[in-house]
Amino acid sequence: MAVSKTTSQAGRTGALFVAPAGLLTLVLFVIPLGILVWMSLQDYPLLGKPTFTGFDNYLDIPGNEVFTQAIGFTLAYTVVTTIVMFLISFLLVAIANSRRRATRFYRTSYFLPYVVGTAAATLLWFVDSDPVIGVFNQVLVGLHLVDKPIAFLASPTLAFWSIIALVSWKFMGFQVIVLLMGLQSIPVALFEAARVDGASRWQQLRYITIPSLRPTLALLFILSVTGSLLAFDQFLILTKGGPDNSTVSVVFAVYNTAFVNFDMGKAAALSVVLLVVLLLISAIQLPLLRRKDV
């Protein structure tokens, strides 16, 4: 009886500690999510009285050409960004983890762009990309790599790769630091034992480094994919979705639907679909974080 009473008191005490977090989750997530779903079932103008339309907003999504194009662009952007950032990060980690001089300077310089806000970094990139006053063109022309300034944001291809360059420069420092921490957490004794057994560098990388970094790589992969799918600032500031709507991301399409076309119901439906997709992607990716015991 005493044990049961003690357990009950411990349960109530635990519930009291959890209650503030639960209340915040209820107020800041559950209730707004319910309102969002309710709005998605309405013809909900920004100004005016909403009317119930059922699932019409969801049924209209396949015919929304801008949104379907945004899905294709966002998927391509996510794949390319993830691959480019991982390749660059692996290269920079190899430099930052070495014992050469100025290693601390390298690590700091890699991480500095991540400290700058995304909006500020994008605005800086926008000015640097300008054909007249931009630093990029001045350097390229000064080194005689091009004959005349390049309009980096004038064509869909150049605009796409300009955004990839911006995002890689902005966020690769975070990946480098996380990978570096994961790499330095691997016991040195494992590599020493492998060298004694005659293992090559490739074998050490394949059988020690990569398996040990598996949870870290999975976490970075999840953050990279979800972050790319939710990207917005860089498109709004750098390209404004242009040229010809070629750089409209999914979140940008939701923003335009809500605050340019003033159709809150359709924007809510698009947001719900995006949320479901993110939940499915996270559910698929989360098992990657579970490290299998060898």
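The values are calculated or read from the model by the stated rules, or taken from the named source; none is laboratory data. Fair warning: this is a prediction, and the values are worked out from it, not measured in the lab. Virtual Cβ from ideal backbone geometry, glycine too; neighbours counted across all protein chains shown. Quick note on the areas: whole protein, heavy atoms, side chains included, nothing else; ligands and nucleic acids left out. Shrake-Rupley method; radii C 1.70, N 1.55, O 1.52, S 1.80 Å.
In table form, for the structure just shown:
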read-out: For the stretch 1-144, alpha-carbon Rg over 2.2 N^0.38 Å; value: 1.83
read-out: For the chain, accessible area per residue (1.4 Å probe, heavy atoms of protein chains only), Å²; value: 61
read-out: Spin-label pair Val115/Val79, simplified geometry with 7 Å Cα→Cβ offset, distance in nm; value: 3.7
read-out: Rounded to whole Hz, the Karplus (6.51, -1.76, 1.60) HN-Hα couplings of the stretch 49-59, x for glycine and proline; value: 8, x, 10, 6, 10, x, 9, 4, 4, 6, 5
read-out: Carbon/sulfur fraction of accessible area - the chain, other protein chains in place, 1.4 Å, %; value: 70
read-out: For q = 0.13, 0.15, 0.22 Å⁻¹, Debye-computed log10 I/I(0) when each Cα of the stretch 48-109 counts as one equal scatterer; value: -0.61, -0.68, -0.92
read-out: Globularity index of the stretch 157-196, i.e. its alpha-carbon radius of gyration over 2.2 N^0.38 Å; value: 1.91
read-out: Placed amide H near Gln42: partners under 5 Å, 5+ positions off or other chain; value: Thr53
read-out: Restricting the stretch 71-177 to trypsin sites (Lys or Arg not before Pro) in coil, as DSSP defines it, with at most 10 other Cβ within 10 Å; value: Arg99, Arg100, Arg101
read-out: Theoretical FRET efficiency, 1/(1+(r/R0)^6), r = Cβ-Cβ of Thr68 and Leu286, R0 22 Å, to 0.05; value: 0.20
read-out: Karplus-derived HN-Hα couplings along the stretch 264-276 (A = 6.51, B = -1.76, C = 1.60, θ = phi - 60°), whole Hz, x at Gly and Pro; value: 5, x, 5, 5, 5, 5, 4, 5, 5, 4, 4, 4, 4
read-out: Cβ-placed point charges (K, R +1; D, E -1), dipole of the chain about Cα centre in debye, nearest 20; value: 1460
read-out: Rg/Rg_ref, the stretch 81-122, where Rg_ref = 2.2 N^0.38 Å and atoms are Cα; value: 1.32
read-out: Pairwise FRET efficiency - Leu47 versus Leu183, Cβ, R0 = 45 Å, nearest 0.05; value: 0.25
read-out: P(r), alpha carbons of the chain - 5 Å bins starting at zero, rounded %; value: 1, 5, 8, 11, 12, 13, 12, 11, 9, 8, 5, 3, 2, 1, 0, 0, 0, 0
read-out: Spin-label model distance (nm) - Phe90 vs Ile31, 7 Å beyond Cα toward Cβ; value: 4.8
read-out: GNM top mover of Gln69, Gln204, Gln234 - the chain, alpha-carbon springs below 10 Å; value: Gln204
read-out: Among Thr108, Thr257, Thr226: highest mean-square fluctuation, GNM of the chain, C-alpha pairs under 10 Å; value: Thr108
